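The values are calculated or read from the model by the stated rules, or taken from the named source; none is laboratory data. Since the structure is predicted, the reported quantities are computational estimates derived from the model, not experimental observations. Please note: Cβ atoms are built from the backbone with ideal geometry, for glycine as well, and neighbour counts cover all protein chains shown. Side chains included, ligands, DNA and RNA excluded: accessible areas come from the protein's heavy atoms. Shrake-Rupley method; radii C 1.70, N 1.55, O 1.52, S 1.80 Å.
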Amino acid sequence: MALQRKLLNGCAGIPKFRWLSNEGLRHFSGQVAAPTELPPFDYQPKPYKGPLADEVLEKRKKFLGPSLFHYYQKPLNIVEGKMQYLYDENGKRYLDAFAGIVTVSCGHCHPEVLDAIMEQSKLLQHATTIYLHHAIGDFAEALASKMPGNLKVVYFVNSGTEANELAMLMARLYSGHLNMIALRNAYHGGSSNTIGLTALNTWKYPIPQGEIHHVLNPNPYRGAFGSDAKRYAEDVQDHIDHGTSGKVAGFIAETIQGVGGTVELAPGYLKLVYDIVRKAGGVCIADEVQTGFGRTGSHYWGFETQGVTPDIVTMAKGIGNGLPLGAVVTTPEIASVMAQKIQFNTFGGNPVCSAGGHAVLKVIEKEQRQKHCAEVGSHLIGRLKDLEKRYDIIGDVRGRGLMLGIELVTDRKEKTPAKAETGVLFEKLKDLGVLVGKGGLHGNVFRIKPPMCFSKDDADFLVDALDYSLSKL
């Protein structure tokens, strides 16, 4: 918790100190105080002797692609991480509320994950699936045990983009159709095919996107029909009736759109749409790249919040806690279509990534991270909702568990994106030691998706920092 000390009268006139959050301090002073220091953390970063930020940035500009971008006017040179914290070249500690873009699930350099990776690296790093090795089978078995229904066949890849590419290929081969349906505001990857599924112009190059249709986004805050799932589902049916032959290959959706600004789909939407798509001959794909592995708190998988079981599930990011690892899980029936040709991934499921990924599943279970996300997330949402009542610039607080979004607007009625103000707050939070993400088409949504070891004290510090920053706008 961001702590402020307030002198109060104790019993028999004896002074005593009580630690107060900004919330408590405001009760006495009527003012918002700057959070003074991060919650205590028993870790000392190693002295850094490498190149400094300016040199790193210059080399990056010279040798890496110009499409790369960085956060902050003066980019941070992050050189070390431990659990929910990051350290820059000067040893300054930051609260990581974005987890390497929703990738670090267990915590930076979690010792049990590191041990599994290093022990396997000493024995065998790579051999491919042309030989037998127990790690990939053990990992697949553990992952399949987390899936509902008949989702029991696992394909390992290296990223979420690859996972969605493979899922789309499976859908087309199995259904015998080409047309894919995705949501507006979706993000499903950056390859030439998954760019087609993605529906945010900031991520799309002007190339043919194939037989892909984007339907209305069931966004309860900005959507045309609010939270009316039935009307959004009718748009899907209308699209199939008028934009296709009447048959489709499949439908893909994130349950909570990540890059699009932490948009949770209207309740009941997927159940209606899955029925429509299956009647049109298609399969239903759940993109769990960001929502999986207990992050939502209420459920292990995001799609479970909608009461559905997909035909194909894609995942990455949190599955590896920072390892280049992704997976596609499907039914034996759908998987059988891949056997008509050779389907092979050189690095997918290599021994090191399999050992690390398996360790991630064990840590999430052992440390009860899903329950933790529910408890800390509930506390965090409650405090953010209190801010929403006090600051008109906060248009919407949304999400579940530790996958939250704060949409900032200049006008609550018109919902005009507060782009400039978001940028100012973004820099101020960094100066106070809090790193968040940005999302949405206009970059006006703060994405709060920290490592799942993020504590209530961390949540309080984040809210206090945001409270202070908002008060200075």
| Along the range 191-202, what does the Karplus equation 6.51 cos²θ - 1.76 cosθ + 1.60 (θ = phi - 60°) give for ³J(HN,Hα), rounded to whole Hz, x for Gly and Pro? | 7, 4, 7, 6, 4, x, 6, 5, 9, 9, 4, 5
| query | Whole-Hz Karplus ³J(HN,Hα) for the range 458-473, in order, using 6.51 cos²θ - 1.76 cosθ + 1.60 and θ = phi - 60°, x for Gly and Pro? | reply | 4, 4, 5, 4, 4, 5, 4, 5, 5, 4, 4, 5, 5, 5, 9, 5
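For the range 55-99, take the convex hull of the Cα atoms, compute a quarter of its surface area, and give me that in nm², please.
If I average the Cα hull's projected area over directions, I get 3.8 nm².
Of LEU361, LEU123, which has the most accessible area with a 1.4 Å probe, and how do the rest follow in descending order? Walk me through the numbers before you get to the answer.
Working: LEU361 10, LEU123 145 Å².
Solvent-accessible surface, decreasing: LEU123, LEU361.
Where Lys and Arg each count +1 and Asp and Glu each count -1, what net charge lies around GLU55 among other residues with Cβ under 15 Å from its Cβ?
Details: positive: LYS49, LYS59, ARG60, LYS61, LYS62, LYS74; negative: ASP54, GLU58, ASP88, GLU89.
Net charge in that neighbourhood comes out at +2.
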| note | Rg/Rh over Cα atoms for the range 196-344, Kirkwood Rh, comes to 0.96
| task | Project the alpha carbons of the chain onto their principal axes and report the range along each, largest first, in whole Å. | result | 81, 58, 50
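Order the peptides 315-323, 371-379, 293-301 from the highest to the lowest mean number of other Cβ atoms within 10 Å of their residues. If you can, show how the numbers build up before the last one.
Numbers: 315-323: 26.3, 371-379: 18.9, 293-301: 23.6.
So the peptides 315-323, 371-379, 293-301, ranked by packing, come out 315-323, 293-301, 371-379.
Just from its helices, what would the mean residue ellipticity at 222 nm be for the chain, if runs of 4 or more DSSP H residues each count -39500 (n - 2.57) and the sum is divided by every residue, rounded to the nearest 500 deg cm²/dmol? It would help to have the intermediate numbers written out before the result.
Numbers: 14 runs with 164 residues, N = 473.
Calculated at 222 nm, the ellipticity per residue is -10500 deg cm²/dmol.
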| Between rounded, prolate and oblate, where does the range 282-409 land on the alpha carbon gyration tensor, with a ≥ b ≥ c its root eigenvalues, rounded for a/c under 1.5, else prolate if a/b exceeds b/c? | prolate
| field | Relative packing of peptides 244-254, 135-145 - highest average C-beta neighbours within 10 Å first | value | 244-254, 135-145
| By how many degrees, 0 to 90 and rounded to 10, does the Cα axis of helix 111-123 deviate from the longest principal axis of the chain? | 50
| Added length on full extension, which subtracts the Cα-Cα distance from 0.36 nm per residue, GLN343 to TYR72 | 93.4 nm
| note | Taking a straight Cα-to-Cα line shorter than 18 Å from LYS122, and setting aside same-chain aspartates and glutamates fewer than 8 residues away, one finds GLU112
| note | Any residue on another chain or 5+ positions along whose placed amide H is under 5 Å from the amide H of HIS213 is listed here as MET180, ILE181, ALA182
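Summing +1 for each Lys or Arg and -1 for each Asp or Glu, what net charge is found among the other residues whose Cβ lies under 12 Å from the Cβ of ASN345?
Values: positive: none; negative: GLU162, GLU165.
After counting each charged neighbour, the total is -2.
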| Once amide H atoms are built 1.01 Å from N in the peptide plane, which residues 5 or more positions from LEU265, or in another chain, come under 5 Å H to H? | GLN257
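Can you tell me which of 464-470, 431-437 comes out highest on packing, and rank the rest after it, using the mean Cβ neighbours within 10 Å?
Numbers: 464-470: 22.9, 431-437: 21.1.
My ranking of the peptides, most packed first, is 464-470, 431-437.
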| query | What is the extension gain from GLU333 to ASP241, computed as 0.36 nm multiplied by their sequence separation minus the C-alpha to C-alpha distance, in nm to one decimal? | reply | 30.4 nm
| For the range 279-394, size of Cβ-based charge dipole, Lys and Arg +1, Asp and Glu -1, in debye | 200
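Restricting to the chain, what percent of DSSP beta bridges are antiparallel, rounded to 5?
Numbers: 40 of 56 bridges.
Within the chain, antiparallel bridges account for around 70 percent of the total.
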| request: Round to a whole angstrom and tell me the spacing of the C-alpha centers of the range 61-90 and the range 179-197. | output: 28
| query | Among PHE156, LEU470, GLY137, which residue has its Cα positioned farthest towards the positive end of the charge dipole of the chain, with +1 placed on the Cβ of Lys and Arg, -1 on the Cβ of Asp and Glu, and the dipole taken about the Cα centre? | reply | LEU470
| field | Hz values of 3J(HN,Hα) by residue in the range 373-382 - Karplus curve (6.51, -1.76, 1.60), Gly and Pro given as x | value | 4, 5, 6, 5, x, 4, 4, 5, 4, x
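Could you tally the net charge around GLU119, taking each other residue with its Cβ under 15 Å from the Cβ of GLU119, Lys/Arg +1 and Asp/Glu -1? Mind showing how you got there, number by number?
Working: positive: LYS122, LYS362; negative: GLU112, ASP115, ASP138.
Summing Lys/Arg as +1 and Asp/Glu as -1 gives -1.
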